[in-house]
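Written below as structure tokens is the structure these notes are about.
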């Protein structure tokens, strides 16, 4: 696997973690209404 | 792998921040917009949440409690019963029931005096309009019955046609 692809996968993983954190903070309370 | 992460940690932090910002934009801002629309719309609007709408309909005062919604009877509606109250009870004629009586009302016949005054031509004209009751006028001798009843001669009526 070329290094840029490893970086891309890891960056997407970090982006996903950020989205999950955002959902936990702002998204989940909306579902509980 | 560890070396790669250590060397490019800023890239993952930026990706993480972008993820958080996008999530905030999607969940927090869109939610705010939704709250604003919720406040602006009426619960009775089409598409409102069914529970809210049903609750509002249940809590609404009944139409009977609002006099402005109760239709006042029109003068015409009152006039019809008043007219029939003025007329005689045609079912007192032998051979005339409620159905025939209402049929006569639709033909404009309301009193015994009217029937008593019928000529042969009148009888023929009315008879053709009685449908399945055609022939009853002469068979039961309505004009003579009506003459007694119009005069108030109960005894004469009972002697001729039987008990009222």
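Neighbour counts of C-beta atoms inside 10 Å place A:1, A:19 in the sequence A:1, A:19, starting with the fewest.
Our Cα-only numbers for segment B:75-161 put the radius of gyration and Dmax at 13.0, 43 Å.
Approximating the spin labels as points 7 Å out from Cα along Cα→Cβ, the residue A:28-to-residue B:159 distance works out to 10.6 nm. Taking 41 Å as R0, compute the FRET efficiency from the Cβ-Cβ separation of residue B:26 and residue B:63 and round it to 0.05. Efficiency, from the Cβ-Cβ distance: 0.35. Site pair residue B:105 and residue B:89 shows an inter-label distance of 1.4 nm when each label is modelled 7 Å from Cα along Cα→Cβ.
Put a dot 7 Å past the Cα of residue B:70, heading toward its Cβ, do the same for residue B:136, and the two dots end up 3.9 nm apart.
All of the numbers you see were taken from the coordinates with simple rules; none came from a lab. This is a predicted model, so every value here is computed, not measured. Cβ coordinates were reconstructed from backbone atoms using ideal geometry, including for glycine residues, and neighbour counts include every protein chain displayed.
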